[in-house]
1. Can you sort His146, His22, His60 by solvent-accessible area, 1.4 Å probe, largest first?
2. Would you tell me the accessible area of Asp77, worked out with a 1.4 angstrom probe on the heavy atoms of the protein chains, in Å² to the nearest 10?
3. Using a 10 angstrom cutoff on alpha carbons, build the Gaussian network for the chain and name the most mobile of Asp117, Asp65, Asp57.
4. Assuming 0.890 mPa s and 25 °C, estimate D for segment 56-144 with Stokes-Einstein, Rh taken as the Kirkwood radius over Cα pairs, in µm²/s.
5. Could you state the orientation-averaged shadow area of the convex hull built on the Cα atoms of segment 94-218, in nm² to one decimal?
6. Of His159, Leu102, His20, which is farthest towards the positive pole of the chain's charge dipole, taken about the Cα centre with +1 and -1 on the beta-carbons of Lys, Arg and Asp, Glu respectively?
7. Run the 1.4 Å probe and let me know the accessible area of Thr215, rounded to the nearest 10 Å².
8. Show that you can apply the helix-only estimate: for the chain, add -39,500 (n - 2.57) for every DSSP H stretch of four or more residues, divide by all residues, and state [θ] at 222 nm to the nearest 500.
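The values are calculated or read from the model by the stated rules, or taken from the named source; none is laboratory data. This structure is a prediction, so every number in the text was calculated from the model and none was measured. So basically every Cβ, Gly included, is an ideal-geometry build from the backbone, and we count neighbours across all protein chains shown. All accessible areas refer to the heavy atoms of the entire protein, side chains included, with ligands and DNA or RNA removed. Shrake-Rupley method; radii C 1.70, N 1.55, O 1.52, S 1.80 Å.
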Amino acid sequence: MAGFSLTETIYAPNQLIPKHAHECAYFCFVLGGTYTETYESRTRTCKTSSLIFHPPDERHSDRFDNAGGRCFNVQIDSQLLARVREHSMILDRPAEFRRPPLAYLATKLYREFKTIDDTSALVIEGLTLEILGEGSKQSLNSSPRHPPRWLAQAREMLHADFPKNPSLRLIASFVGVHPVHLARGFRQHYRCTVGEYVRQLRIEFASRELSRSDTPLV
(Lines give C-alpha, C1' and ligand atoms only; values in the text may rest on other atoms or scores of the structure.)
Protein backbone atom coordinates (compact mmCIF):
# COMPACT_ATOMS: atom_id res chain seq x y z
CA MET A 1 0.00 0.00 0.00
CA ALA A 2 1.35 3.44 -1.08
CA GLY A 3 4.80 1.97 -1.83
CA PHE A 4 5.03 0.15 1.51
CA SER A 5 4.55 -3.49 2.50
CA LEU A 6 3.20 -3.98 6.03
CA THR A 7 3.42 -7.34 7.80
CA GLU A 8 2.76 -8.59 11.32
CA THR A 9 4.71 -11.73 12.23
CA ILE A 10 4.52 -14.01 15.28
CA TYR A 11 7.63 -15.94 16.33
CA ALA A 12 7.74 -19.12 18.41
CA PRO A 13 9.59 -19.35 21.73
CA ASN A 14 13.36 -19.79 21.22
CA GLN A 15 12.94 -19.52 17.45
CA LEU A 16 16.17 -19.04 15.52
CA ILE A 17 16.11 -17.24 12.18
CA PRO A 18 19.35 -17.97 10.26
CA LYS A 19 21.36 -15.19 8.66
CA HIS A 20 19.48 -13.65 5.75
CA ALA A 21 18.96 -10.34 3.95
CA HIS A 22 16.07 -8.32 2.52
CA GLU A 23 16.21 -6.68 -0.88
CA CYS A 24 14.38 -3.56 0.34
CA ALA A 25 14.92 -1.39 3.41
CA TYR A 26 12.45 -1.85 6.24
CA PHE A 27 11.55 -0.85 9.78
CA CYS A 28 10.82 -3.50 12.41
CA PHE A 29 8.68 -2.43 15.39
CA VAL A 30 8.78 -4.92 18.25
CA LEU A 31 5.22 -5.40 19.50
CA GLY A 32 6.09 -8.00 22.11
CA GLY A 33 8.90 -10.24 23.31
CA THR A 34 12.66 -9.92 23.19
CA TYR A 35 15.22 -11.21 20.72
CA THR A 36 18.93 -10.92 20.03
CA GLU A 37 19.96 -9.82 16.57
CA THR A 38 23.40 -10.29 15.01
CA TYR A 39 24.42 -8.00 12.16
CA GLU A 40 27.73 -6.72 10.76
CA SER A 41 29.67 -8.66 13.43
CA ARG A 42 27.67 -6.84 16.13
CA THR A 43 24.71 -7.78 18.31
CA ARG A 44 21.79 -5.85 19.77
CA THR A 45 18.92 -6.74 22.08
CA CYS A 46 15.53 -5.82 20.62
CA LYS A 47 12.75 -5.34 23.18
CA THR A 48 9.11 -4.30 23.13
CA SER A 49 8.70 -0.81 21.60
CA SER A 50 12.13 -0.90 19.95
CA LEU A 51 12.13 0.34 16.36
CA ILE A 52 14.91 -1.06 14.20
CA PHE A 53 15.89 0.15 10.73
CA HIS A 54 17.41 -2.35 8.31
CA PRO A 55 19.02 -0.96 5.13
CA PRO A 56 18.73 -2.93 1.88
CA ASP A 57 20.71 -6.19 1.72
CA GLU A 58 21.78 -6.04 5.38
CA ARG A 59 22.59 -9.59 6.52
CA HIS A 60 21.35 -10.44 10.00
CA SER A 61 20.12 -13.34 12.15
CA ASP A 62 17.70 -13.39 15.08
CA ARG A 63 17.16 -15.56 18.15
CA PHE A 64 13.99 -15.09 20.22
CA ASP A 65 13.80 -15.65 23.96
CA ASN A 66 11.58 -18.08 25.87
CA ALA A 67 8.42 -16.01 25.31
CA GLY A 68 8.77 -15.77 21.54
CA GLY A 69 7.86 -12.46 19.93
CA ARG A 70 5.66 -10.40 17.67
CA CYS A 71 6.91 -7.82 15.18
CA PHE A 72 5.39 -5.28 12.80
CA ASN A 73 7.51 -4.80 9.68
CA VAL A 74 7.20 -1.91 7.24
CA GLN A 75 9.12 -2.51 4.02
CA ILE A 76 9.87 0.53 1.84
CA ASP A 77 9.84 0.20 -1.93
CA SER A 78 13.35 0.86 -3.34
CA GLN A 79 12.09 3.31 -5.97
CA LEU A 80 10.19 5.30 -3.35
CA LEU A 81 13.27 5.37 -1.13
CA ALA A 82 15.35 6.63 -4.05
CA ARG A 83 12.87 9.46 -4.72
CA VAL A 84 12.96 10.52 -1.07
CA ARG A 85 16.77 10.44 -1.10
CA GLU A 86 16.79 12.95 -3.97
CA HIS A 87 15.37 15.60 -1.63
CA SER A 88 16.69 14.69 1.80
CA MET A 89 19.46 12.90 3.69
CA ILE A 90 17.95 9.69 5.03
CA LEU A 91 19.05 6.58 6.91
CA ASP A 92 21.51 4.40 5.04
CA ARG A 93 22.91 2.23 7.85
CA PRO A 94 21.48 -0.06 10.55
CA ALA A 95 19.89 1.85 13.43
CA GLU A 96 17.85 1.24 16.56
CA PHE A 97 15.52 3.76 18.17
CA ARG A 98 13.90 3.89 21.59
CA ARG A 99 13.56 7.63 22.01
CA PRO A 100 10.27 9.47 21.62
CA PRO A 101 8.47 10.12 19.38
CA LEU A 102 9.33 7.18 17.09
CA ALA A 103 7.70 4.43 19.16
CA TYR A 104 4.55 6.56 19.39
CA LEU A 105 4.49 7.06 15.59
CA ALA A 106 5.10 3.34 15.01
CA THR A 107 2.21 2.49 17.35
CA LYS A 108 -0.08 4.85 15.39
CA LEU A 109 1.03 3.19 12.17
CA TYR A 110 0.30 -0.26 13.60
CA ARG A 111 -3.19 0.85 14.66
CA GLU A 112 -3.84 2.11 11.13
CA PHE A 113 -2.64 -1.23 9.76
CA LYS A 114 -5.20 -3.02 11.96
CA THR A 115 -8.13 -0.81 10.85
CA ILE A 116 -7.67 -0.37 7.09
CA ASP A 117 -10.21 1.90 5.38
CA ASP A 118 -10.45 4.14 2.30
CA THR A 119 -8.04 6.76 3.69
CA SER A 120 -5.47 4.34 5.09
CA ALA A 121 -3.09 4.60 2.11
CA LEU A 122 -2.64 8.32 2.72
CA VAL A 123 -2.29 7.91 6.49
CA ILE A 124 0.20 5.04 6.14
CA GLU A 125 2.31 6.99 3.64
CA GLY A 126 2.37 10.06 5.89
CA LEU A 127 3.23 8.18 9.07
CA THR A 128 5.94 6.06 7.43
CA LEU A 129 7.61 9.09 5.85
CA GLU A 130 7.45 10.87 9.20
CA ILE A 131 9.11 7.88 10.89
CA LEU A 132 11.77 7.83 8.17
CA GLY A 133 12.39 11.56 8.58
CA GLU A 134 12.47 11.53 12.39
CA GLY A 135 14.70 8.44 12.42
CA SER A 136 17.10 10.07 9.96
CA LYS A 137 17.17 13.24 12.07
CA GLN A 138 17.89 11.34 15.27
CA SER A 139 20.60 9.31 13.56
CA LEU A 140 22.30 12.37 12.07
CA ASN A 141 22.03 14.40 15.28
CA SER A 142 22.95 11.62 17.68
CA SER A 143 25.81 12.17 20.07
CA PRO A 144 29.12 10.81 18.75
CA ARG A 145 29.76 9.19 22.15
CA HIS A 146 27.84 6.43 23.85
CA PRO A 147 26.04 7.60 27.00
CA PRO A 148 28.00 6.98 30.20
CA ARG A 149 27.09 3.95 32.27
CA TRP A 150 25.28 5.99 34.94
CA LEU A 151 23.08 7.62 32.31
CA ALA A 152 22.15 4.28 30.78
CA GLN A 153 21.27 3.07 34.29
CA ALA A 154 19.06 6.14 34.79
CA ARG A 155 17.19 5.39 31.58
CA GLU A 156 16.72 1.75 32.59
CA MET A 157 15.27 2.96 35.90
CA LEU A 158 12.78 5.16 34.04
CA HIS A 159 11.66 2.21 31.89
CA ALA A 160 11.15 0.11 35.02
CA ASP A 161 9.45 2.76 37.18
CA PHE A 162 7.67 5.16 34.81
CA PRO A 163 4.21 4.45 36.35
CA LYS A 164 5.52 5.54 39.78
CA ASN A 165 6.53 9.10 38.82
CA PRO A 166 10.17 8.91 40.05
CA SER A 167 11.76 12.23 41.02
CA LEU A 168 14.89 13.63 39.40
CA ARG A 169 16.60 13.74 42.80
CA LEU A 170 15.81 10.08 43.48
CA ILE A 171 17.12 8.96 40.09
CA ALA A 172 20.28 11.06 40.48
CA SER A 173 20.88 9.58 43.93
CA PHE A 174 20.39 6.06 42.57
CA VAL A 175 23.05 6.49 39.84
CA GLY A 176 25.38 8.59 42.00
CA VAL A 177 25.38 11.99 40.26
CA HIS A 178 24.03 15.49 40.96
CA PRO A 179 20.46 16.16 39.68
CA VAL A 180 21.70 19.07 37.53
CA HIS A 181 24.35 16.83 35.96
CA LEU A 182 21.72 14.16 35.30
CA ALA A 183 19.30 16.62 33.68
CA ARG A 184 21.99 18.12 31.45
CA GLY A 185 23.44 14.76 30.39
CA PHE A 186 20.01 13.24 29.73
CA ARG A 187 19.01 16.05 27.35
CA GLN A 188 22.38 15.94 25.60
CA HIS A 189 22.16 12.23 24.82
CA TYR A 190 18.42 11.60 24.52
CA ARG A 191 17.26 14.97 23.10
CA CYS A 192 14.53 15.52 25.68
CA THR A 193 14.08 16.14 29.40
CA VAL A 194 13.61 13.35 31.91
CA GLY A 195 9.99 14.41 32.40
CA GLU A 196 9.29 14.41 28.66
CA TYR A 197 10.82 10.94 28.39
CA VAL A 198 8.61 9.59 31.20
CA ARG A 199 5.51 11.16 29.64
CA GLN A 200 6.32 9.53 26.29
CA LEU A 201 6.82 6.13 27.97
CA ARG A 202 3.35 6.47 29.50
CA ILE A 203 1.81 7.46 26.17
CA GLU A 204 3.45 4.51 24.44
CA PHE A 205 2.23 2.14 27.17
CA ALA A 206 -1.33 3.49 26.94
CA SER A 207 -1.24 3.31 23.13
CA ARG A 208 -0.18 -0.34 23.24
CA GLU A 209 -2.93 -1.17 25.72
CA LEU A 210 -5.56 0.62 23.62
CA SER A 211 -4.53 -1.07 20.39
CA ARG A 212 -3.74 -4.59 21.63
CA SER A 213 -5.92 -5.35 24.66
CA ASP A 214 -9.53 -5.35 25.77
CA THR A 215 -8.77 -3.48 29.00
CA PRO A 216 -11.46 -0.84 29.61
CA LEU A 217 -10.41 2.82 29.42
CA VAL A 218 -11.25 3.31 33.09
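1. Listed by decreasing accessible area, they come as His146, His22, His60.
2. 60 Å²
3. Per the Cα network of the chain with a 10 Å cutoff, Asp117 tops the list.
4. The diffusion coefficient I find is 165 µm²/s.
5. 9.1 nm²
6. Of the listed residues, the answer is His159.
7. 90 Å²
8. Rounded to the nearest 500, the figure is -14000 deg cm²/dmol.
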